[in-house]
Amino acid sequence: MPRPAQRSSKLRKLRIKTPGGRVKVRFEKRRPGKPKCAKCKKPLSGVPRMRKLDRVPKSQRRPERPYANLCPTCARQQIKEKIYKLAG
Amino acid sequence: MLEPGRVCVKTAGREAGRYCVVLKKLDENFVLVTGPKSLTKVKRRKCNIEHLEPLEYKLEIKAGAEDEEVLKAYEKAGLIEKLKLQPPKAEEKPKKAEKKAKEKKPEKPEKEKPKEKPEKKTKKPEKAEKKKTKK
Ligand SMILES: [Zn+2]
């Protein structure tokens, strides 16, 4: 039997195959929610959904363009608005 | 709209938000584009039409012009100051100055070293003598 703390549903259960062929349950903290576009709240693609993001290279954590917190369509809109403001 | 010489802004990818110039039409959907890289950091490359936002400005260049010609056209049109771009010459000059400085620096220490060495030589034997006395 697992410890009482491990029996609660606040932990995520992973089924893992050991080298000997048995299946064991591993307990982990739950994954964070999907990152979302700051403008339209659509889930962002290309961003890993995990804790300890500092273990991932920076280039794999977010898109390599300005407005990395926006989805591509909103980012394009933002860039166009900026251009038109500069043009007056 | 996207004829040779048209100044655009890229709206997708790693170069999004940077200025570029259309050089020639390749295909229904693609054009050849350049920053040039020394001026706006946009590489000379193929680009989808839908990823470009055309501006009102136009440069006087031939289709498929080279980067140096585009730079001269930028200067002629006075767009470098208008778009607040950093001209590449300002970046190149300090690099050359650094290289010259680096080339000069190693020469000076070589001349100075022989002067210092005799002093060190005089010091070292003293230390050695001290060590010998300690032993
Ligand atoms: Zn969005």
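The values are calculated or read from the model by the stated rules, or taken from the named source; none is laboratory data. Please read these numbers as outputs of a predicted model, since none were measured by experiment. Heads up, the Cβs are rebuilt from the backbone with ideal geometry, glycines too, and the neighbour counts pull from every protein chain shown. Only protein heavy atoms, including side chains, enter the accessible area calculation; ligands, DNA and RNA are left aside. Shrake-Rupley method; radii C 1.70, N 1.55, O 1.52, S 1.80 Å.
Output the residue which, of all residues in the range B:1-51 that are touching a Ser or Thr at 6+ places or on another chain (Cβ under 8 Å) and outside any strand (DSSP E or B), is least open to solvent (accessible area, probe 1.4 Å).
Taking the range B:1-51 first, the residues touching a Ser or Thr at 6+ places or on another chain (Cβ under 8 Å) are B:17-21, B:23, B:42-45, B:51.
Those still in the list that are outside any strand (DSSP E or B) too: B:17-18, B:42-44, B:51.
Working: B:Gly17: 41, B:Arg18: 85, B:Val42: 0, B:Lys43: 106, B:Arg44: 97, B:His51: 62 Å².
Checking each candidate, the answer is B:Val42.
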* In the range A:42-88, the residues that are β-branched (Val, Ile, Thr) and under 30 Å from B:Lys84 (Cβ atoms) -> A:Thr73, A:Ile79, A:Ile83
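Does A:Tyr67 satisfy being within 14 Å of chain B (Cβ to nearest Cβ) and more than 16 Å from the ligand (Cβ to nearest atom)? Full working, then the answer.
Numbers: within 14 Å of chain B (Cβ to nearest Cβ): yes; more than 16 Å from the ligand (Cβ to nearest atom): no.
Taking the combined requirement at face value, the residue does not satisfy it.
May I ask you to verify whether A:Leu53 is within 10 Å of the ligand (Cβ to nearest atom), open to solvent by less than 90 Å² (accessible area, probe 1.4 Å) and under 9 Å from the mean Cα position of the chain (by Cα)? It would help to see each step written out before you state the result.
Values: within 10 Å of the ligand (Cβ to nearest atom): no; open to solvent by less than 90 Å² (accessible area, probe 1.4 Å): yes; under 9 Å from the mean Cα position of the chain (by Cα): yes.
Criteria not met by A:Leu53.
Conditions tested, residue by residue: (1) at pLDDT 95 or above; (2) assigned to a loop (DSSP other than H, G, I, E, B); (3) open to solvent by less than 70 Å² (accessible area, probe 1.4 Å).
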site	(1), (2), (3)
A:Val25	no, no, no
A:Pro32	no, yes, yes
A:Val47	no, yes, yes
A:Glu64	no, yes, no
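Of all the residues that make up the range A:70-88, how many are of a type in the set (Gly, Ala, Ser) and within 14 Å of the ligand (Cβ to nearest atom)? Walk me through how you get there before you give the answer.
Residues of the range A:70-88 of a type in the set (Gly, Ala, Ser): A:75, A:87-88.
Checking which are within 14 Å of the ligand (Cβ to nearest atom) leaves us with A:75.
The qualifying residues number 1.
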